[in-house]
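**Student:** Below are the structure tokens for one structure; questions will follow.
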Amino acid sequence: MSDNTFSTSSPPAPRLLEVVRARIRLKHYSIRTERAYLGWIKRYIIFHGKRHPRDMGKRELEAFLSALSVERNVSAATQTQALSALLFLYREVLELPFPWLDDVVRAKKPRRLPTVLTRDEVAAVRGAIGDPEIGLVIGLLYGSGMRLMEAVRLRIKDVDLARKEILIRDGKGGKDRVTMLPDTLLLPLTAQVEAARSMHEFDLAQGRGAVWLPNALAIKYPAAAVSLGWQYVFPAKDLSTDPRTGKVGRHHMDERRIQRGMKQAVKLAGIYKPATPHTLRHSFATHLLESGYDIRTVQELLGHSDVATTMIYTHVLNKGGRGVVSPLDRMG
């Protein structure tokens, strides 16, 4: 029976993508993951002539992944995301026994060394940024090792100005961690929190002010959505409509503002490395190791589950991972 078949005595069966969307939201995945997964599942179905995934198997799945690699020349990371979406479809939505899922060939992600800026280059980039708000986010990325989305999603309640700490909630892998708040950013971040407070008070006066809350907190704590603590430290300048609830509210700053600002600043600073906001996180880790901090400390600040992930930064230190001096430099 197809998804569109229905009788006069029962409502029509929901379309497959609607079922997928409902399952994603039940699992509390982010809106970005929802859009990505739905996109890949739709492409998979269209690629195979709109056949139902239930009627396809390992051969069709690997053919789709192979086409992505050969015809579209996508990266291993993109191919892995497509596979994750399809595995979610088969395991979480269709819930049928597919023993072949564990045998699907995964793309091998190449292990590349991260791009790292020198301290002078970081200073040059920060000096080339004209927008103070963007400059503050850039400073946080380098000064605390935060990821870009962790910074723009930061809530006021998770900034402890007195203890000079930032609590990062639901980071990569769904983990919380605490990182430092640099002394240099204490005053500008205090001012940013006050600006967010003023904007929130304005929204409340206009009959708005409710912010999106994760999971089911909006149901459990109805008043939390309009409380100051749950507001974003970096709120968007304009109101927007939540694509899931349809409610109008103030979301966080668009991360693309930071990406564009960083790109322009790198160009103005005359830096030719392929530096992005995430490069600042790599630079944070590398410079801490250069300063002699223990790798376990750096691992904790970055939120890595395995110290082996943090070890990659030992390969980009100025003197190499083992502090080796070239024999050429020892020649008299």
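The values are calculated or read from the model by the stated rules, or taken from the named source; none is laboratory data. In this text the structure is predicted, and so the values were computed from the model without any measurement. Using ideal geometry, Cβ is built from the backbone for each residue, glycine included, and neighbour counts are taken over all protein chains shown.
**Student:** Only one of S283, S291, S240 is closer than 21 Å to R35 by Cβ and polar (S, T, N, Q). Can you tell me which?
**Tutor:** S240
**Student:** Also, quick follow-up: Please work out which one of (1) on the phi > 0 side of the Ramachandran plot; (2) not in a loop (DSSP other than H, G, I, E, B) is the condition N73 fails and give its number.
**Tutor:** That leaves (2) as the condition not met.
**Student:** If I ask for residues that are hydrophobic (A, V, I, L, M, F, W, C) and in contact with a Phe, Trp or Tyr (Cβ under 8 Å, 6 or more places away or on another chain), which ones from segment 148-176 would you list?
**Tutor:** Of everything in segment 148-176, those that are hydrophobic (A, V, I, L, M, F, W, C) and in contact with a Phe, Trp or Tyr (Cβ under 8 Å, 6 or more places away or on another chain) turn out to be A151, V152, L154, I156.
**Student:** Pairs needed: first member in segment 116-138, surrounded by fewer than 16 Cβ atoms within 10 Å (Cβ to Cβ); second member anywhere, among the basic types (K, R); C-beta distance under 9 Å; at least 6 residues apart or different chains.
**Tutor:** Within 9 Å, the pairs are D131/R257.
**Student:** Tell me yes or no: at least one residue of segment 84-102 is polar (S, T, N, Q) and within 30 Å of H287 (Cα to Cα).
**Tutor:** Taking every residue of segment 84-102 in turn, none turns out to be polar (S, T, N, Q) and within 30 Å of H287 (Cα to Cα).
**Student:** Since Y90 meets every condition but one in (1) out of contact with any Lys or Arg (no Cβ under 8 Å at 6 or more places or on another chain); (2) more than 22 Å from Q264 (Cβ to Cβ); (3) not in a helix (DSSP H, G or I), which condition does it not meet?
**Tutor:** (3)
**Student:** Let me spell it out: the conditions are (1) more than 14 Å from L302 (Cβ to Cβ); (2) touching an Asp or Glu at 6+ places or on another chain (Cβ under 8 Å); (3) outside any loop (DSSP other than H, G, I, E, B), and G135 meets all of them except one. Which number is the exception?
**Tutor:** So G135 meets the others, but not (2).
**Student:** Within segment 64-76, work out how many residues are in contact (Cβ under 8 Å) with a residue 12 or more places away in the chain and either loosely packed, with under 13 Cβ neighbours inside 10 Å or farther than 21 Å from L16 by Cα (or both).
**Tutor:** 4
**Student:** Another question, then. Of the residues in segment 39-63, how many are without any contact (Cβ under 8 Å) to a residue 40 or more places away in the chain, of a type in the set (A, V, I, L, M, F, W, C) and in a helix (DSSP H, G or I)?
**Tutor:** 4
**Student:** On to the next question. Can you tell me which of L239, L289, L280, L268 is under 30 Å from A128 (Cα atoms), crowded, with 17+ Cβ neighbours inside 10 Å and more than 19 Å from the chain's Cα centre (by Cα)?
**Tutor:** L289
**Student:** While we're looking at this one, here's another question. Within segment 248-332, which helices (runs of 4 or more DSSP H) (wholly inside it) include 3 or more residues that are at pLDDT below 90?
**Tutor:** Hits in segment 248-332: 307-310.
**Student:** Also: For segment 195-222, name all the residues that are over 26 Å from the mean Cα position of the chain (by Cα) and within 16 Å of R250 (Cα to Cα).
**Tutor:** Correct list: S198, E201, F202, D203, L204, A205, Q206, G207, R208.
**Student:** Assess whether L83 counts as being surrounded by 16 or more Cβ atoms within 10 Å (Cβ to Cβ), touching a Leu at 6+ places or on another chain (Cβ under 7 Å) and assigned by TED's automatic domain parsing to the domain that holds Y37.
**Tutor:** yes
**Student:** Here is a check on your reading of the model: is A191 over 18 Å from R281 (Cβ atoms) and of a type outside the set (S, T, Y)?
**Tutor:** Judged against the criteria, A191 is a match.
**Student:** Within segment 232-255, can you find the residues that are under 17 Å from L140 (Cβ atoms) and either of a type in the set (D, E, K, R) or in contact (Cβ under 8 Å) with a residue 40 or more places away in the chain (or both)?
**Tutor:** Within segment 232-255, Y232, V233, F234, H252, M253, D254, E255 meet the criteria.
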